[in-house]
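Contents: one structure, followed by commentary.
The values are calculated or read from the model by the stated rules, or taken from the named source; none is laboratory data. The structure displayed is predicted, hence computed values, not measured ones. For neighbour counting, all protein chains shown are included, and Cβ atoms are generated from backbone atoms with ideal geometry for every residue, glycine included. Heads up: the accessible areas ignore ligands, DNA and RNA and are worked out on the full protein's heavy atoms, side chains in. Shrake-Rupley method; radii C 1.70, N 1.55, O 1.52, S 1.80 Å.
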Amino acid sequence: MRTNRLGGILGLLALAGGVSLPACSGDDDDDAQSADGTGGKTGSGSNRDGGPVAPLPKASCKAGEDGGSETVDEPELVATLFDRWHEAWLASPAVADLDEDGTMELVVPRDDVLLIWHLDGTVVDKFEMPGRIWAPPVVADLRPDLPGLEVAVASRGQIAAWDAHGQPLDGFPFEWRDEMRSIAAEDIDDDGQLELVAGTTSDLDKNGQTDILIAIHNNGTVVEGFPPNTTGASGCDDACYVHAGFDQNVALGDVDDDGVADILLPQDNAYVSLHDGTGRAFDADPIFKGKTKFQGVRFLHDYALAQQGWADDEDTALQAHFTNTAPAIVDVDQDGENDIVMLGSVQNTSQADRERGVALWVVRHDGTRPDDWIEPFHAPGFIDGLWDPGDNIVGATNQATVVDLDPASDGFEYVFAGFDGRIHAVTSDKRELWQYTFTTKAGVLTGGLAAADLSRDGRPELVFNTYSTASGQGALFILGANGGLLHEMALPDRGAMPVPTIADVDDDGQLEIVVSLKDAVDKERQVLVYTVPGSGTDCMPWPTGRGNLRRSGAVAAQ
């Protein structure tokens, strides 16, 4: 139900003056933490591995008029937002002027509540939901006939949507299958309006097929052809292997160059769902023996075995597992047609050994692989991240941030956290550009990275949080485009699971970093907002979870 609009300031504006604390998640001093998140460790391109850091690359996007600075100023805590005790799952915050009044709103899911704040701590709206909100909120013009922007979230088996003034949209809430952990918006049927697409952990078995995907119009009605497999719209045969998606598994983008967004959904096995907006499943290339649809292509590392469809030796052959994969859609090989990018966990095909690290995949819409990606990029190390450790702390989301870090390298780079405690940056021709060790400890994880230029020099920086099973291990990190550590600032309690969001919250031309903490201290803290002096808004290639506020995971061509 909706809680009435609250008047007055329920959250206090907390100011902090650059307190410097010793190390955090990757260091041995576990007690050197700030109770309010104001402490930190700064550097100028250091590398915890002890090795040299490469020089900064040339600028890859628009710099400030004065050229900016190669130095990123230390973030300053400018606001602490709070309501009550509600914790966060993996929902990256949204920042937008919903009602077009010139003041930004901060839209932040906290467990089973969606909170909308102003930067001064005022709770503008509060929506109570039937259960936890796992995925980031969609903020978009879902209803062009209404003023402002709309907000949509998935909560357990329900999708809810509101207008800019907090009124439920006609046709909502929409009820489907518990639990929907993915939601994104895009025009999938070429009708000029956005549809909402969601994936669920709960299989729908009917008519000899399985579905985990739903698409609905902005009036809450189901798009014709969905759910695609059980309605017959997909054209699937008995080799469409569909089962559950447990994280932010949906991406929406045009994969076949017809000008209309398609639907990509990795899932809890070695297979991937791919449909167009009519529900039709994409065909597999004939090289995949006995498989007519993309859903039948088994993602074995060895390309010949993938075409065969099985491993000759299940103990040694490797395959993907896409349980927690949040994919991207981008033209990797710059052939004018988008490719599919997925970071998956690695296991042997018998699934007896699942701790084989992660692999970055690039494939086409028919399952074939570009020349540079005949086998995926494999980061085999393993410390932690595959398994949910419990107490509402979950395993790492497998997702790659797409950003042009080095213009000397053709195409984009793909930046992701492995299970090895490292951030990896990989080029479009599958070379590792650099890696950075953010922890050597089990139990310290990250949900993914945001990217924006924080010093107006045309070079994007990378921003991520860490979280932990233990208090006092989480931190906010800023890395340079060369992978060097610029700032590391302690976060309170168990850190932050959602990807941070970077935006100009106060409309002063400088960027803020919005961190939704895992834990809440009742009437004291839930969200921290840091400003970055000297930053600007000209270069923000991946400023929030899933890349944009539609949460589509799609990237425009360079």
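Figures for the structure shown
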quantity	calculated
Enumeration of residues in segment 524-536 that are assigned to a strand (DSSP E or B) and open to solvent by 10 Å² or more (accessible area, probe 1.4 Å)	525, 531
Cβ pairs under 7 Å, 6+ apart, first in segment 230-246 and in contact (Cβ under 8 Å) with a residue 24 or more places away in the chain, second β-branched (Val, Ile, Thr) and assigned to a loop (DSSP other than H, G, I, E, B)	233/278; 237/292; 239/292; 246/323
Residue that is nearest to residue 552 (Cα to Cα), among those in segment 156-198 that are surrounded by fewer than 22 Cβ atoms within 10 Å (Cβ to Cβ) and polar (S, T, N, Q)	193
Every residue from segment 47-105 that is of a type in the set (Val, Ile, Thr) and either farther than 29 Å from residue 184 by Cβ or in contact with a strand residue (DSSP E or B) (Cβ under 7 Å, 6 or more places away or on another chain) (or both)	53, 71, 72, 78, 80, 95
Selected residue (criterion: nearest to residue 323 (Cα to Cα)) from residues of segment 199-217 that are of a type in the set (A, V, I, L, M) and open to solvent by less than 20 Å² (accessible area, probe 1.4 Å)	212
Strands (runs of 3 or more DSSP E) wholly inside segment 334-385 that include at least 1 residues being open to solvent by 10 Å² or more (accessible area, probe 1.4 Å) and more than 16 Å from residue 272 (Cα to Cα)	377-379
Residue satisfying condition, being modelled with pLDDT of 95 or more and under 21 Å from the mean Cα position of the chain (by Cα), within set 201, 210	201
Any hit, segment 537-548, residues being under 27 Å from residue 123 (Cβ atoms), open to solvent by less than 10 Å² (accessible area, probe 1.4 Å) and of a type in the set (A, V, I, L, M, F, W, C)	no
Number of the condition not met by residue 226 [criteria: (1) of a type in the set (Phe, Trp, Tyr); (2) closer than 25 Å to residue 545 by Cβ; (3) open to solvent by 20 Å² or more (accessible area, probe 1.4 Å)]	(3)
Failed condition for residue 500, given (1) over 25 Å from residue 59 (Cβ atoms); (2) of a type outside the set (Asp, Glu); (3) within 17 Å of the chain's Cα centre (by Cα)	(1)
Any hit, segment 315-323, residues being part of a loop (DSSP other than H, G, I, E, B), in contact with a Ser or Thr (Cβ under 9 Å, 6 or more places away or on another chain), open to solvent by 10 Å² or more (accessible area, probe 1.4 Å) and small (Gly, Ala, Ser)	yes
Among (1) touching a Lys or Arg at 6+ places or on another chain (Cβ under 8 Å); (2) among the hydrophobic types (A, V, I, L, M, F, W, C); (3) surrounded by fewer than 24 Cβ atoms within 10 Å (Cβ to Cβ), the one test that residue 521 misses	(1)
Residue in segment 223-244 that is of a type in the set (S, T, N, Q) and touching a Phe, Trp or Tyr at 6+ places or on another chain (Cβ under 6 Å) present	no
Within segment 5-123, strands (runs of 3 or more DSSP E) holding 2 or more residues that are of a type outside the set (Phe, Trp, Tyr) and modelled with pLDDT of 95 or more	76-81, 94-96, 105-110, 113-117
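Condition check ((1) β-branched (Val, Ile, Thr); (2) under 21 Å from residue 458 (Cα atoms); (3) in contact (Cβ under 8 Å) with a residue 60 or more places away in the chain) across all residues:
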| site | (1), (2), (3) |
| --- | --- |
| 380 | no, no, no |
| 383 | yes, no, no |
| 387 | no, no, no |
| 396 | no, no, yes |
| 406 | no, yes, yes |
| 410 | no, yes, yes |
| 414 | no, yes, yes |
| 419 | no, no, yes |
